[in-house]
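The values are calculated or read from the model by the stated rules, or taken from the named source; none is laboratory data. Since we're looking at a predicted model, the values are computed, not measured. In this analysis, Cβ positions are derived from the backbone assuming ideal geometry, glycine residues included, and neighbour counts consider all displayed protein chains. Just the protein is used for accessible areas: all its heavy atoms, side chains included, with ligands, DNA and RNA removed. Shrake-Rupley method; radii C 1.70, N 1.55, O 1.52, S 1.80 Å.
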Amino acid sequence: MKQYDYLIVGSGLFGSVFAYKAAQQGKKCLVIDKRSHLGGNIFCEEVEGINVHKYGAHIFHTSNKQVWDFVNSIVEFNRYTNSPIANYKGKLYNLPFNMNTFYQMWGVATPSDAMKIIKRQKNEAVTLLNGKEPQNLEEQALLLVGRDIYERLIKGYTEKQWGRKCTELPAFIIKRLPVRLIFDNNYFNDKYQGIPIGGYNKLIKGLLTGVKTMVNTNFFEERACWERIADKIVFTGKIDEYYNYCFGKLEYRTVRFEEEVHDCSNYQGNAVVNYTEAEVPYTRIIEHKHFEMFGTEIDKCSKTVVSKEYSTEWQPGMEPYYPVNDEKNSTLYIQYKKLADEEDNVIFGGRLAEYKYYDMHNIVEKVLKYF
Ligand code: FAD
Ligand code: UDP
């Protein structure tokens, strides 16, 4: 008889939802995490009474009612709607690309006038493609929205974020951006979105209540002992590390956050401002209070906390944030996945173990499906 049914390596959203569902079925779980806190990348730290998203801004969005009901059964979510602003050389544009953006860009006030300009610019892109399918992000973006938007709102931001030229990036990255002919600044098309009232730590706490957890505990430091402790392991760390990098190292992009506390109640008037020109070294500034404080609440808190995000190449020792979706890394991942598929007692789940850029709702959905 082993001491636990499941040893869960990693207390991020995958590990925490898994522990919650397993515990509900009467299974005994132990969750370990190498960090000094629980919650993985959705962890928040309270600074000046504001929940600061320590590993990057997180907005929950989904169209899956079951997922939405599940997270709301743990903690109620607020009505935050993500509507980032783009700052290009001091001029502001609404995102995603919608009638407000087209008005700011070209002075057009109706969908048909906006469409005329977009169509003209798209036709230029079609001519350039000369019958080919778009081969890279630049060609895809020119075809989607035309040159003006590409040059002011996409090129600089994307090249900073990925550290590669748009002509060297895959086209699919940009297909995620909605283009709308209505005045609607809601960044997501999903039916539901919001932030847990009281912050993401409340969600994690709710999921892990009654589950045994250990922080500052790295699976690899006493691997043999951890492998004996439970019937099954749920592994949410890096899959290449699990296999001792036997085929080589997977690559990531990472982000460095520069946090500043300002002596004013409102720094930029919005949670997210993207800096889309190449010359500004950071990609965006997050003002954390706007995720959870609305209306008169903003001024009741006399300080504010902002984070500037600098996107860089990942090196060992840094946080692995974004899997690099190129051919080399995808091929390498498939080699590791083959080994993982042969395991009977190890479940690989989450962003690092599946080397996939999952949003939070994808993670919740996967675990709910598993159970
Ligand atoms: P993680 O949260 O990374 O958890 C993995 C855990 O495993 C970590 O706590 C780690 O310390 C632990 N671990 C790793 N190795 C070991 C080991 N050897 N021993 C012990 N513990 C270990 N999603 C959205 O839906 N909306 C957003 O707005 C959004 N914004 C994002 C912004 C950024 C910058 C990033 C990087 C991601 C964002 N996401 C967003 C995605 C979201 O973070 C993920 O979907 C989710 O957090 C993944 O959960 P996870 O459990 O797979 O991974
Ligand atoms: N993007 C852009 N300008 C912006 C915001 C996004 O060009 O102001 C591009 C960029 O290439 C990014 C992609 O759109 O990688 C997807 O953006 P999203 O915000 O959905 O990406 P995330 O940071 O959540 O991966």
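In table form, for the structure just shown:
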read-out	value
Pair list, Cβ < 7 Å and 6+ apart or interchain, from segment 253-277 residues that are over 21 Å from Glu292 (Cβ atoms) and among the β-branched types (Val, Ile, Thr) to residues that are part of a loop (DSSP other than H, G, I, E, B) and more than 13 Å from ligand 2 (Cβ to nearest atom)	Thr254/Trp314; Thr254/Met318; Thr254/Glu319; Thr254/Pro320
Residues of segment 130-150 classified as out of contact with any Phe, Trp or Tyr (no Cβ under 9 Å at 6 or more places or on another chain) and surrounded by 14 or more Cβ atoms within 10 Å (Cβ to Cβ), total	7
Strands (runs of 3 or more DSSP E) contained in segment 29-102 and holding at least 1 residues open to solvent by 40 Å² or more (accessible area, probe 1.4 Å) and within 16 Å of ligand 2 (Cβ to nearest atom)	85-88, 91-94
Options Pro320, Pro316; residue that is open to solvent by 30 Å² or more (accessible area, probe 1.4 Å), under 18 Å from Tyr55 (Cα atoms) and either in contact with a helix residue (DSSP H, G or I) (Cβ under 8 Å, 6 or more places away or on another chain) or not hydrophobic (A, V, I, L, M, F, W, C) (or both)	Pro316
Matching residues in segment 159-212 - criterion: being within 15 Å of ligand 1 (Cβ to nearest atom), of a type in the set (Ser, Thr, Tyr) and either touching an Asp or Glu at 6+ places or on another chain (Cβ under 8 Å) or not in a loop (DSSP other than H, G, I, E, B) (or both)	Tyr192, Tyr200
For Lys308: the one exception among (1) away from ligand 1 (no atom under 15 Å from the Cβ); (2) in a strand (DSSP E or B)	(1)
Segment 2-23 - residue that is in a helix (DSSP H, G or I) and open to solvent by 10 Å² or more (accessible area, probe 1.4 Å) and, of those, farthest from ligand 1 (Cβ to nearest atom)	Ala23
Exclusive hit being at positive phi and touching a strand residue (DSSP E or B) at 6+ places or on another chain (Cβ under 8 Å), set Gly39, Gly56	Gly56
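Condition check ((1) more than 16 Å from Leu144 (Cβ to Cβ); (2) modelled with pLDDT under 95) across all residues:
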| site | (1), (2) |
| --- | --- |
| Glu159 | yes, no |
| Trp162 | yes, yes |
| Thr167 | no, no |
| Ala171 | no, yes |
| Pro178 | no, yes |
| Gln193 | yes, no |
| Pro196 | yes, no |
| Asn201 | yes, no |
| Leu207 | yes, no |
